[in-house]
Amino acid sequence: MPGTLYLIPTPLGKSKENEVLPDFVVQRIRKLDVLVVENIHTTSRFLEWIGETVPTYNIEFYHLNKRTPEQEIYSFLKPLKQNKDVGLLSEAGAPGVADPGAKLVKMAHQRSIKVVPLVGPSSILLALMASGFNGQQFSFHGYLPIDEKNRKQHIIQLEGESRRHDRTQLFMEAPHRNLELVQSILKYTQNDTKLLIATDLTLSTEYIRSQSVADWKKGDLPDIQKRPTIFGLYAK
């Protein structure tokens, strides 16, 4: 029988205490000696934070990012075929969601390998939960275009789809361009459209605010530059 592929969520930022991972998830992580990760250095710090894990020098690491060739990803199935359990970790949050690990999960399913998602933080779902927007019809769009003309067109399109289909639209930006994106949203959307800004989710510096574009225009924008943020639009 092949091993099990465990999908391991990781914290969304640095914190001294573990307030996001259930104990049974932590116990599972401590037993794994084969890990597929985006960044070995980051994962090593995460394992130190967990504590009492298999020593890193005894862990078999596989490196998976958006540039990893498909044939190389296929080779990561080898320990699973040898009846070893494997953990798949994202840099932050849930693996396989807006994350290159989805390719390995797909290959595991194609070969009837058991896949087990473990409980932990997902910035996308946490933002949706806290938005007050429609939680039954929603889409995540990743990063919006950087080019101003294309960004404008995309924002207007997302707003229109939200209004027509009663759909929550979620997306993100590189943290150093957060304020630039917010300014574009305020410039190109209708005043009654709702905008969600959810920053540093699960951290002590967490900021979550959902209100109309008109209300956002009235006050000062929050300090979200260079801080991981999920944005939401709702035009219904």
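Before we move on, is S44 surrounded by fewer than 18 Cβ atoms within 10 Å (Cβ to Cβ) and part of a loop (DSSP other than H, G, I, E, B)?
So S44 fails the test.
Filter region 188-216 down to the residues that are under 14 Å from L158 (Cβ atoms) and assigned to a helix (DSSP H, G or I) and list them by number.
Within region 188-216, Y188, V213 meet the criteria.
So which residues in region 205-220 are modelled with pLDDT of 95 or more and not β-branched (V, I, T)? Residues satisfying the conditions are E206, Y207, R209, S210, Q211, S212, A214, D215, W216, K217, K218.
Inside region 100-122, residues that are in contact (Cβ under 8 Å) with a residue 40 or more places away in the chain and either part of a loop (DSSP other than H, G, I, E, B) or open to solvent by 60 Å² or more (accessible area, probe 1.4 Å) (or both) make up a count of 12. Which of the residues belonging to region 171-207 are open to solvent by 40 Å² or more (accessible area, probe 1.4 Å) and touching a His at 6+ places or on another chain (Cβ under 9 Å)? Answer for region 171-207, where residues must be open to solvent by 40 Å² or more (accessible area, probe 1.4 Å) and touching a His at 6+ places or on another chain (Cβ under 9 Å): just M172.
For the criterion of being under 16 Å from L201 (Cα atoms) and of a type in the set (V, I, T), I113 fails. Counting the residues of region 173-184 that are closer than 16 Å to I156 by Cα and either outside any helix (DSSP H, G or I) or touching a strand residue (DSSP E or B) at 6+ places or on another chain (Cβ under 6 Å) (or both) gives 0.
Annotation note: of N39, N65, the sole residue that is in contact (Cβ under 8 Å) with a residue 40 or more places away in the chain and surrounded by fewer than 18 Cβ atoms within 10 Å (Cβ to Cβ) is N39. Under the condition of being more than 13 Å from T229 (Cα to Cα) and either open to solvent by 80 Å² or more (accessible area, probe 1.4 Å) or over 23 Å from the mean Cα position of the chain (by Cα) (or both), the residues counted in region 123-160 number 14.
Considered as a group, the residues in region 208-236 that are polar (S, T, N, Q) and surrounded by fewer than 22 Cβ atoms within 10 Å (Cβ to Cβ) include one that is nearest to the chain's Cα centre (by Cα), and that residue is Q225.
The values are calculated or read from the model by the stated rules, or taken from the named source; none is laboratory data. All figures in this text were calculated on a predicted structure; none of them were measured in a lab. Because the Cβ atoms are built from the backbone with ideal geometry, glycine has one as well, and the counts that use them run over all protein chains shown. Protein only, heavy atoms only, side chains kept; ligands, DNA and RNA dropped before computing areas. Shrake-Rupley method; radii C 1.70, N 1.55, O 1.52, S 1.80 Å.
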